[in-house]
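Presented below is the structure to which this report refers.
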Amino acid sequence: MSKKTPDNDWFMQQVELEQSGLRGFIRMLGVRPESVDDIAQETFVVAYKKLAMFERGTNFGAWLRTIARNLVRNELRRQGRRRVLANEVAEFLLSRADEKASHPGVEVEQAEQRDQQVAALRDCLRQLPERSRRLVQQRYFEQLSLGVIAAYENTNANNISQILFRLRAALSNCIQERLRTTHS
Amino acid sequence: MNASSQPDDRSNVTAPRCEEAIGRLVDGEPLPGDVAFVVEALRQHPEAVAQFEQQLSIDALLLDQAGPDADAFVDSVRVAIEAETSQPAFVQKVRAAIFTTAPNHRGKPSPSNQSATNQSLWSGRAIRIVLACSLLLASLVAGGIWNAAAIGEPVLVEVDRSEGTADFAVGDRLNLRTLVLPEGNVDLKLGSGVRLECQAPLMARFEHPMRLHLSRGRVDVDVGEDGFGFTVVTPAGEVVDLGTKFSVNASADGEVRVAVFSGQVELRHKQSGAVNLFDGEAVRLTKSQAPRRLHSVEIRNRRVGDSRQTAVISGVSDNVEAPKVRRFYGLVPCGMRDGVRAFRDRRETRWQAEPGDAFPEELVGADLIQPFQQHRFRQDFRMTFTTSQASRIYVFYDARYSPPDWLARDFVNTGRRILSSGWSPNTVTRGLQPDAWGTLAIPHNIWCRDLIQPATITLGPPVLPEHDLNTTSEFEAVLPSMYGIAVQPIAPPPANIGSKQPGQPRAKAIPVAAKK
């Protein structure tokens, strides 16, 4: 990509536009958080190499998601330490993603909602009780393991995992509520 | 919004067991059986699918908020494309040349001399091994862990590395019931893929290929892909692997030290029950005393040619007091060099020279302390350690920030820098541009202070006074990286230097090309 061409400029604009949604999509395929950025980066590299095969005017995001699905599928065939949570789970999520891809409208709608979801999430985070905010900070921003958080909170890892589960469910409800209010 | 109450009526439909398993899976720390349970639930209950997707979706949004900003990610993609499309082979070679450590001379004997090696093994070493086994038996009986019902089966091991001992040669394939190592270090590979790094003086025996009884000595265990459940039995308790690399060190006085380098283990103690230990945690325990935090663990330094084998530093500890905090500092004797791991809780982050510069010669071979990034948030943090001789203490402080008072007061900025490299985009790397390999590096100024005699030294928090923090919101606080520490022994000065009172540590730094 040493030459600056209109194609390159267009491609990098697409990277900027699609990167956040693509990373979310890859996580939704059951990829480990620490590997999401790697696979997203690989997806863009593959897309760049095969750019001639992309039909302009069609949905670039959907094309990226197809590449990402194939990369994750390849990941399941690899020997050694894999980058997905568990093979059987990733296979299930992949089949769900394949199914959604056959109804492009659903997938595109989800992708388009992402910006609104991010804005709603920020609002919802501000409303969390202090302890919940601290857990989000520790888990997602400081990337601490459940065991380490549990040690600081003087409880056990399983308890922290359950609290995080409820916290994510509460955030999801809050986001949905906000999106409904916005649309109405 | 109350996040601690049940979120919605979906939880009534899906069993709590399912919620727990989904939660642990999304958090990346499933227990055995969780995956199968969740897969079954996903196949049978649409509610479970909705719940799982909801959890992953919010997890993805939160990761996105905490992850790299868009510019950093786009730059990393640009660099990756550049590297892939320009000269991939060249890039790979250069990368390998930079990141590969000293050449590995551990070769296996060629097929032609393999049988000769094995023959000489049995003729030359049989007597010593039999003798050692007798000693082991006596020791095990005395130590109270010998169980006549579990004399054990011979386990096939392959010697992968041997150093400082004539009893094991690289490439040997041995059927071992007992393992006695009076001197040196040996790495053994089991058929299951489990790798045992044994450090003398060591006495142990196999009950079967997945269960080792350790009577005395240190064994570092890497269970690999297929060794899940490998167990080390000690006089104080059992350490059961849950997919990991860990170390067990049994001392002659009955104390056992357990450290986890990756993954997790379950520690079973008769008095206090089972405890899970995670990556970066270490405890010490005895038969009658429950596990308690072990502050530092010596990390084996395999570098050939180090003249000094014992650490100058000892007694590394901190003031982080919480009942279940079990994080250990890595202490690597003579371990400071280009490419060495910088922090215990960041596996990929390495100390490295600045581009175009050689690694600072004065740092090479210093004792290295590997601290934790998570401590960078603590304004009250204190770390203490003791030096056993006259030493120069080095602190590597984030060069993007002004030094905290304790550092500016007690140390001198040498004017030189090193990098902590290999960062993934993170809150600590915000604003940095990726390097030629698509990773991020934080510059650290090298500060130093000389101690002319053995002393105990306390370092302060890495964070700055509150007015210096660039805090835009509580989720986006930009803080300096945790600092690094290395200690290099120095020749003691003449006996009549200065007028310090005996026993009083030297407080002022000796200027070293002083420059701020």
- Query: Out of region B:48-80, which residues are surrounded by fewer than 16 Cβ atoms within 10 Å (Cβ to Cβ) and more than 8 Å from chain A (Cβ to nearest Cβ)?
  - Reply: B:Ala50, B:Asp69, B:Asp71
- Which listed residue is among the polar types (S, T, N, Q) and over 26 Å from A:Gln143 (Cα atoms), from A:Thr43, A:Thr58: A:Thr58
- Task: Residue by residue through region B:381-407, note down the ones that are under 16 Å from B:Asn445 (Cα atoms) and crowded, with 19+ Cβ neighbours inside 10 Å.
- Result: B:Arg392, B:Ile393, B:Tyr394, B:Val395, B:Phe396, B:Tyr397, B:Asp398, B:Pro403, B:Pro404, B:Leu407
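Let's see how each residue does on (1) within 20 Å of the chain's Cα centre (by Cα); (2) acidic (Asp, Glu):
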position	(1), (2)
B:Tyr329	yes, no
B:Val340	yes, no
B:Thr349	yes, no
B:Gly356	no, no
B:Phe359	no, no
B:Asp380	no, yes
B:Ala390	no, no
- Query: Which pairs do you get when a residue that is within 7 Å of chain B (Cβ to nearest Cβ), found in region A:159-173, comes within reach of a residue that is of a type in the set (S, T, N, Q) and part of a helix (DSSP H, G or I), reach meaning Cβ atoms under 6 angstrom, with the pair 6+ apart or on two chains?
  - Reply: A:Leu167/A:Ser132; A:Arg168/B:Gln55; A:Ser172/B:Gln54
- Which one of the conditions (1) in contact (Cβ under 8 Å) with a residue 60 or more places away in the chain; (2) more than 26 Å from A:Pro33 (Cα to Cα) does B:Phe377 fail to meet, given that it meets all the rest? (2)
- Could you give me the residue pairs with C-beta distances under 6 Å whose first residue belongs to region B:9-38 and is more than 7 Å from chain A (Cβ to nearest Cβ) and outside any helix (DSSP H, G or I), whose second residue is surrounded by fewer than 22 Cβ atoms within 10 Å (Cβ to Cβ) and modelled with pLDDT of 85 or more wherever it lies, and which are 6+ apart or on separate chains? B:Thr14/B:Glu47
- Query: of a type in the set (A, V, I, L, M), surrounded by fewer than 18 Cβ atoms within 10 Å (Cβ to Cβ), at negative phi and outside any strand (DSSP E or B): does that describe B:Ala252?
  - Reply: yes
- Item | Positions within region B:198-210 being more than 19 Å from B:Arg300 (Cα to Cα) and either free of Cβ contacts under 8 Å to residues at least 24 places away in the same chain or within 23 Å of the chain's Cα centre (by Cα) (or both), in sequence order | B:Met210
- Message: Suppose we filter region B:243-281 for residues that are among the small types (Gly, Ala, Ser) and under 19 Å from B:Ser215 (Cα atoms); how many remain?
- Response: 6
- Just wondering, is there one or more residues in region B:444-458 that are in a loop (DSSP other than H, G, I, E, B) and at pLDDT below 70? no
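Results for (1) of a type outside the set (Val, Ile, Thr); (2) under 20 Å from B:Trp423 (Cβ atoms); (3) in contact with a Leu (Cβ under 9 Å, 6 or more places away or on another chain), shown as yes or no for each residue.
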| residue | (1), (2), (3) |
| --- | --- |
| B:Arg326 | yes, no, yes |
| B:Ala342 | yes, yes, yes |
| B:Glu348 | yes, yes, no |
| B:Trp351 | yes, yes, yes |
| B:Gly365 | yes, no, no |
- What number of residues within region B:417-436 satisfy the criterion of being surrounded by fewer than 21 Cβ atoms within 10 Å (Cβ to Cβ), away from every other protein chain (no Cβ under 14 Å) and in contact (Cβ under 8 Å) with a residue 60 or more places away in the chain? 4
- Item | The lone exception for A:Val136 - which of (1) over 18 Å from the mean Cα position of the chain (by Cα); (2) at pLDDT 80 or above; (3) assigned to a helix (DSSP H, G or I); (4) at the interface with chain B (Cβ under 9 Å from one of its Cβ atoms) it fails | (1)
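The values are calculated or read from the model by the stated rules, or taken from the named source; none is laboratory data. Remember, it's a predicted structure, so these values are computed and weren't measured experimentally. Cβ coordinates were reconstructed from backbone atoms using ideal geometry, including for glycine residues, and neighbour counts include every protein chain displayed.
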